[in-house]
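First the structure, in the form of C-alpha cells, and then the observations on it.
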Amino acid sequence: MSNPTLLSARDLRVELRSRRGSFQLTADALDLRGREALVILGANGSGKSTLMRTLAGLEHPDGGTVVSVATGPVTMVFQRPAPFAGSVAHNVRVSFLGSKRSSVDRRVRVEEALERFKIDHLAEHRAATLSGGELRRLALARAFALHPAVLLLDEPFAGLDADGQAALSLDLRRAISDTGVAVAMVTHDMRRAMLLADRIAVLIDGKLAQIGLRDDVLERPATPEIAQVVGMTNLARGVVSADLRGDLALVEVGPEHRVATQAECPPGTRVWIGIRPEHLKVDVGRGTVDPIGKGVVRGVVNDGVTVTVRVDWAGTELRTFLMAGRGLARSLEVGAEVSLSASPEHVHLIPDRSV
Amino acid sequence: MTRSSGIECEAGVSSAPPMGRLRSPRLLIAALAVLACSDQAAEKSDLLLVTTTSVRDSGLLYELLPIFEKRTDVRPQIVAVGSGAALRMGRDGNADVLLTHAPDGETELVASGAVVSRTPIMENYFVIAGPPEDPAGVRGAASPANAMRRIAAATAPFVSRADDSGTHRREVALLKEAGLDPAGGWPGFARTGAGMGQTLEVAGERRAYVLSDAGTFLAFRERIELESLSQPDPSLRNVYSVLRVDPERLDPARAARAEQFEAFMLDTETQRLIAEFGRERFGRPLFRPLHP
Amino acid sequence: MNPPFDAMLIEITARTLAVCLSALAISLAVGLPIGIALGSRRFKGRVAAVSLINTGMGAPPIVVGLIVYLALQRSGPFGGLSWLYSLEAMVLAQVLIALPLVVGITLAAVGSLDDDWELQVRTLGVPKRWRLWLLVREIRLGLLAAVITALGGILSEVGAVMAVGGNLEGETRVLTTAILMHTQMGQLEEALGLATILVGLMLILAGLLTAVQQSGRT
C-alpha cells in the first residue's frame, strides 16, 4: 500500500526578481506523500528555498498550482529557530493561538509534542536559555504540535554536532512514522540525506531535474549535473564498445580503460560512466574482481575516520573512500600505482547529449 | 529623562547681579536664575538698572543708553522684570537704580527709605484695546472705569497680565473703581501671568479686550489686529520715574553712577530725544517728557 | 493678586496629568503601529523614512512648538480651529514632540527581531490578530523604553507648551509653565512647591514603569 499524496505541485513556475537579476524556478510535478521524507538536493542558489516557500504557500507561483489535499495544516520550520519570548511550553502553545481547541486538548498536544522531541523536562525553562540543539528540537515540537499534514524543513540539522544530528534524525524519523506527516527537507548534509530520505528531488539552476526513490536517484542520476549533486562524483566520458564481456556491455573510456556495466545502451553511443565513490574499490597489485584499469594516486586525505583517496585514472580524477586504520589506507602514497575496480551493477551510464 | 527647552528670561542686555549682594538663599536662587540666562559679565557691571518689560520692549533705552555710556563711560546693565519684581529688587537692594511706572508702589518704597528719590521723567497713557467691531461698546464709554463695566456687562473676552506688573496694577485699580471684582471674574477673563507682548498675542488671538501700555500696543497693533478704543484719561495716565536706591546700601561708586543716570534722564537733550522717540516707527511719539 | 495658591496646585497638577497622559496615549496609539509597520517591512524609501524619524527625534521641542504656533494662529492654515492657547494645542505640540521618539524606538525594537520571525509565525498558522499580540510580546521591553522616554519628554516640556498654550490661569496653566512664570516673577517659594510636585510625579510614573520593565526581565 503506498502512502497517500498529501501535497501536489504541478507545472510550477516561480519568478523572482532581485537586484542580482531574475531567477526562475520550474517544477513539472512534485508530490509529497504521507509518512515519507523527500529530501531536496541542489547547489546553493539552485532554488531550494524558493521551492520550499512556494510549497509552504509563502510565495505565490507565477504559473502552475500547489494543492494540498490533506486535512491538516501545511507548516514550515526555518533555518533559524526563532524562539519566542517566554517559556518552552509557551512557544509550543503559540501554535494554538486563536484556535478553537479546548485548553485540555491544547495541554495534551503541547505535552505530546515536547515528549516527542524529548524536551518535556525543559517545559518551563525560558526559551532564550536553550542550547542550539534544544532550540532545533523546540522548533520541531512547535511544528508537530499542530499535527501538520505536511511539514517543510529548511536545514533542520544545521549547527548540530554528529551525535546531536544522529539523535535528532532518529526522533524525527520516529515522529514521521508515528504521525504520518509528509516531510520535505532541504539539507546540505549528504549523509543525513541518505539516512532520512525516502525519496530525493534534485534542483539544477531552478529546474526540478529529477525526482524519485532515494536509491533510484542516487544510483541512477539522469544527467552528469544531477550525478554531481547526488554524490556520484566519479564521472568519465566514454563510448559503448561493440564488444561484450559475457552479458555485460563494455564502455571504452581510454585504450587501457574499459569498464563493464550492467546498463544497456547501443554500441557506439557516447556516454558518461558514473561510479559512486563508495562503490569504487582501490587496491595495489593486480585488482581481481571487476577491474576497470589502473590509476595513480594523486592525494590521500585522512580525517581520522575516513581516508579520501584521489586517483588519476584515464585522464579523470576519481575519488574513493577507505576506512582509516585499515592496512591499505596506511600504506597508500601519492604517486603509487593502484588497481581500480567497480562492480558492473554500480557502473551507471548517462547518454552524453553534449555531442 | 528631561528634554526641556530653556527658560525664557526677561533679562535684556547682559546682566548679572553684583557679586557682593548675596543676602539670603532666596536671593541666591534669584541671582542664579538670572545668571542662568545671561552672560557672565559680572566683572563689567558698572550700574544695575532694573526696569519693566514694557520699558525695555519700547526700545527707548537702547536709544538713550549708548549716549549715556559715551558721555559718562559708565556701562549699565538692564534687567527687565515685572513692576512688582522690580520694586522688590529695589526694596531688597538688588538694584542700583529703577526705572518703573507704578506710582503707588514707588511711593511706598520712598516712604520706607529703601529708595532715596523718586523722579518722574516721562509719561504716556495706557490704552484699552479691543477688536475693531467693539462689541461691548468701549468707544462710547464715558470713562475707562465705565469701559471696564461695559466689558464685564457684555461678558466680552478680556486678557489680563495678572503678573503684578504696573499695567496689571492699573487694571486692578480700574476694576475696583468700576465696582468690579479686581480679579475680573467674568467668563472670558483670562490671565496669562506673562509680559505685555504675550498677553497682547493672546488678546489678538481671542479677539479680546486688553489693557496695555502704549508702546507695546503700538508695536503689536498691526499684527494682532486690535484697535485702541480708549481716550487719554487721568485714570489711564502712566508716569515713568527714576528711583535711586538708598546710597547707604550701595558702594559709593555705584551710588554716584546712579546719580549720573538720574541726571542724564533729566537732561534737556535727553528729554528732547524722549519727546521724539517713536515718531518714525509709529507716526507719533511714544512718551511725553515731563521736564522738557 | 493671585488666588490662594494651594487650591491652584491641585488644579494645575490635575491639568498637567490630563494633558500629559493624553499626549502620551495619543503618541503611543499613533506611534506604535507606525513603528511596527515601518520596522517589519522592507519598502522603497525605508531609509528616507527612518532618517526622517531620527531627525524628528533630535528636533528641538521649541521648534516644534513654533511650527504648531504658526499653524494654529488665527492667520495660519489651521486658524479656523481656534486651538491656539487651548489644551488641544498643548496636547498637539506634545504629541508631535513625542511621536518621533515612539516611532524610532519601536522601529528599532522590531528591527532587532529575526528576519524569519514573521515567516515562522505565519507558517505556524497563527491568525493575523494574534500575530500582532505576539509581536508586541516579543518587543515589549523595547516598547516600555519608548513609553518611558516619551513620558519623560512630555512631562518636562515647557517651551513649546508655553508658546502654544499661553499659560493662562485656570485654562492652560500646567506645572512646567507655572514654575517658569513664578520664577520670572520672583515668587520662588511657589516655584519650588510646584517643582517638587512635578519631580514627585515623574518619580512615581518613572518608578512604576521601571518596575514593570524590570519584572519583564526576570
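The values are calculated or read from the model by the stated rules, or taken from the named source; none is laboratory data. This is a predicted model, so every value here is computed, not measured. Here the Cβ is made from the backbone with ideal geometry for all residues, glycine too, and neighbour counts use every protein chain on show.
Observations on the model:
- When residues of the range B:178-206 are limited to those that are aliphatic (A, V, I, L, M) and more than 14 Å from the chain's Cα centre (by Cα), the one surrounded by the fewest Cβ atoms within 10 Å (Cβ to Cβ): B:A183
- Qualifying residue in the range A:39-47 (condition: in contact with a His (Cβ under 9 Å, 6 or more places away or on another chain), assigned to a loop (DSSP other than H, G, I, E, B) and more than 14 Å from chain C (Cβ to nearest Cβ)): yes
- The test for being in contact with a strand residue (DSSP E or B) (Cβ under 6 Å, 6 or more places away or on another chain) and at pLDDT 85 or above holds for A:R310.
- Criterion applied to C:I154, C:I97 was being over 23 Å from A:A85 (Cα atoms), buried (at least 18 other Cβ atoms within 10 Å of the Cβ), in contact with a Pro (Cβ under 7 Å, 6 or more places away or on another chain) and β-branched (V, I, T), and the one residue passing it is C:I97.
- Leading residue by the ranking (modelled with the lowest pLDDT) among those in the range A:151-169 that are acidic (D, E) and not in a loop (DSSP other than H, G, I, E, B): A:D163
- Members of the range C:164-178 that are at the interface with chain B (Cβ under 9 Å from one of its Cβ atoms) and either assigned to a helix (DSSP H, G or I) or farther than 26 Å from B:F158 by Cβ (or both): C:T176, C:T177, C:A178
- Helices (runs of 4 or more DSSP H) (entirely within the range C:52-163) containing at least 1 residues that are at pLDDT 90 or above: C:61-72, C:87-111, C:140-156
- Within the range A:132-171, the set of residues being charged (D, E, K, R) and either buried (at least 23 other Cβ atoms within 10 Å of the Cβ) or within 14 Å of chain C (Cβ to nearest Cβ) (or both) comprises A:R136, A:R137, A:R142, A:D154, A:E155.
- Yes/no for A:A56 being farther than 20 Å from A:G212 by Cα, at pLDDT below 85 and of a type in the set (A, V, I, L, M, F, W, C): no
- All helices (runs of 4 or more DSSP H) inside the range B:219-292 with 3 or more residues being among the aliphatic types (A, V, I, L, M): B:252-266, B:268-276
- Given (1) of a type in the set (G, A, S); (2) more than 7 Å from chain B (Cβ to nearest Cβ); (3) over 20 Å from the mean Cα position of the chain (by Cα), number of the condition C:A150 does not satisfy: (3)
- For the range B:92-107, filtering for residues that are closer than 19 Å to B:D163 by Cα and either in a strand (DSSP E or B) or without any contact (Cβ under 8 Å) to a residue 24 or more places away in the chain (or both) leaves 3.
- Test result for B:G105, modelled with pLDDT of 90 or more, surrounded by fewer than 24 Cβ atoms within 10 Å (Cβ to Cβ) and within 27 Å of C:L188 (Cα to Cα): no
- Any hit, the range B:166-177, residues being buried (at least 23 other Cβ atoms within 10 Å of the Cβ), out of contact with any Lys or Arg (no Cβ under 9 Å at 6 or more places or on another chain) and either within 23 Å of B:I78 (Cα to Cα) or free of Cβ contacts under 8 Å to residues at least 12 places away in the same chain (or both): yes
- If you go through the range A:264-294 and keep only what is small (G, A, S), at negative phi and more than 28 Å from the chain's Cα centre (by Cα), you end up with just A:G287.
- Looking only at the range C:86-130, and only at residues there that are more than 30 Å from A:M52 (Cβ to Cβ) and among the β-branched types (V, I, T), the one that is nearest to the other protein chains (Cβ to nearest Cβ): C:I97
- Qualifying residue in the range C:66-84 (condition: more than 14 Å from chain B (Cβ to nearest Cβ) and touching a helix residue (DSSP H, G or I) at 6+ places or on another chain (Cβ under 8 Å)): yes
- Residue list for the range A:65-80, filter: crowded, with 17+ Cβ neighbours inside 10 Å and either hydroxyl-bearing (S, T, Y) or over 15 Å from A:A143 (Cβ atoms) (or both): A:V66, A:S68, A:T75
- Close contacts from the range B:138-154, counting a first residue that is of a type in the set (S, T, N, Q) and a second that is in a helix (DSSP H, G or I), with Cβ to Cβ under 8 Å and a gap of 6+ residues or different chains, come to B:S143/B:S235.
- Odd one out for C:E11, checked against (1) among the acidic types (D, E); (2) in contact (Cβ under 8 Å) with a residue 24 or more places away in the chain; (3) more than 14 Å from chain B (Cβ to nearest Cβ): (3)
- Any hit, the range B:63-84, residues being surrounded by fewer than 17 Cβ atoms within 10 Å (Cβ to Cβ), over 18 Å from B:E259 (Cα atoms) and not polar (S, T, N, Q): yes
- Inter-residue pairs, beta-carbon under 7 Å, first within 14 Å of C:L168 (Cβ to Cβ) and facing another protein chain (nearest Cβ under 8 Å) and in the range B:181-204, second basic (K, R) and in a loop (DSSP other than H, G, I, E, B), 6+ apart: B:T192/B:R161; B:A194/B:R161
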